[in-house]
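In what follows, a single structure is set out as structure tokens and then discussed.
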Amino acid sequence: MPPFRWGILGTAKINRRFIPGVKLAGHAIAIVGSRDPEKGQAAAVEYGAERSGTYEDVLAAKDVDAVYISLPNSLHLPWTLRAAEAGKHILCEKPMATTPADCATMIGVCERAGVQLVEAFMYRYHPQWQIVWNALNEGRIGKLQMLRASFNFILHDKSNVRLTSSLEGGVIQDVGCYCINVARWFLGEPVRVRGLALDLQGVGVDTNSAAVLEHAGGALSVLSCSFETTGVQNVEFIGEKGRIYVPTAFVPPEQAPVQIYDRDGEHLELAPAAHSYALECLAMERLVRDGVPVPTTGEDALKTQLVIEQWQKN
């Protein structure tokens, strides 16, 4: 079959992580859309895209198999709806939307249009997680009772979209969503959520947040995210007999380490070399062309937003 072809909505910095994955997957970039013609042309050259144009040009393109939406959070809903109405399959950057209601609207419109809607949680595709699942399923740490997840980094630039309330920024939506996603993945949907969301910079969005989630059977997940501390992105699984530590959980290197502490001592396992974004692109291709399911569906995004809604209320 011919190479899978992408249209890119936006010229955000995250594209510089996504585009190498497109190329490693053997895919092509047909068109980059921007509100600024000069910025769009420069991005097309940088990304190796065939051409640039407006957002509308991307949606009208006949040679695009799927669109990648890397716009600010507040623009995910309207441009997902327009992409669906144009018949385009959609990979939307996380958070897919910032409320459960908006997620439900996006899911419904895409279903009626007959297009696929996927949230861009690329970390889920990295093989380091298969090491974790194997260790858990083999009972190496016993029953999982506690999960700890953190994703923190310093951000004090008030012009950044993540610190802009009108663009629906905030640390929970930006990186806390990863912590929620991994907790839900391994422990299931929480039955109770208790959280704090603090705006330490006076910008109208949370910048320092933490929550505790109760899951079935009394298992707990302890989640933290911050724009106020040094860089951290890890997950720890604690069981009755041992623990598993993933030090580069959400933006893993190609060959990521997983540390397992069981009754036989400490073991360091290295995941096979892999590129999360390339695997995400290949998963999108299989979904669109062959109907192979993906783990990061629109419905999954809605469930993450239900947790965020509870976190922010407490």
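Numbers for the structure displayed
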quantity: Cα→Cβ-extended label distance, 7 Å offset, between residue 310 and residue 191, nm; calculated: 1.1
quantity: Label zone at residue 166 (point 7 Å along Cα-to-Cβ), backbone N below 15 Å, the range 191-207; calculated: 203-205
quantity: Calculated FRET value between residue 259 and residue 157, using beta carbons and R₀ = 25 Å, to 0.05; calculated: 0.15
quantity: Read-out Cα extents along the principal axes in Å, derived from the coordinates shown; its label in (i) 57, 47, 36; (ii) 59, 45, 40; (iii) 68, 44, 38; calculated: (i)
quantity: For the chain, built as a Gaussian network whose Cα springs stay under 10 Å, the top-fluctuating residue of 169, 114, 265; calculated: 265
quantity: Fluctuation leader among 279, 167, 268 - the chain, Gaussian network, Cα springs under 10 angstrom; calculated: 268
quantity: Principal-axis tilt of helix 276-290 within the chain, Cα atoms, nearest 10 degrees; calculated: 60
quantity: Residue (of 110, 134, 74) at the positive-pole extreme of the range 59-170, dipole from beta-carbon charges; calculated: 134
quantity: Under 26 Å from the Cα of residue 158 - lysines, other chains or at least 8 residues apart; calculated: 13, 39, 94, 313
quantity: Under 22 Å from the Cα of residue 241 - lysines, other chains or at least 8 residues apart; calculated: 143
quantity: Cα-based helix-to-principal-axis angle, 128-137 vs the chain, degrees rounded to 10; calculated: 40
quantity: C-alpha long axis of helix 15-24 to longest principal axis of the chain, angle in °; calculated: 90
quantity: Additional length obtainable on full extension of the chain from residue 200 to residue 85, 0.36 nm per residue less Cα span; calculated: 37.4 nm
quantity: Relative contact order (percent, whole number), the range 127-273, Cα cutoff 8 Å, 6+ residue spacing; calculated: 30
quantity: The chain - percent relative contact order, Cα under 8 Å, separation 6 or more; calculated: 19
quantity: Max mean-square fluctuation residue, GNM over the chain, Cα-Cα springs under 10 Å, options 280, 266, 254; calculated: 266
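We did not get these values from a lab; they are worked out from the coordinates using the rules stated. The structure presented is a predicted model; accordingly, all values stated were derived computationally and were not measured. Ideal geometry is used to build each Cβ from the backbone, glycine not excepted, and the neighbour counts take in all protein chains shown.
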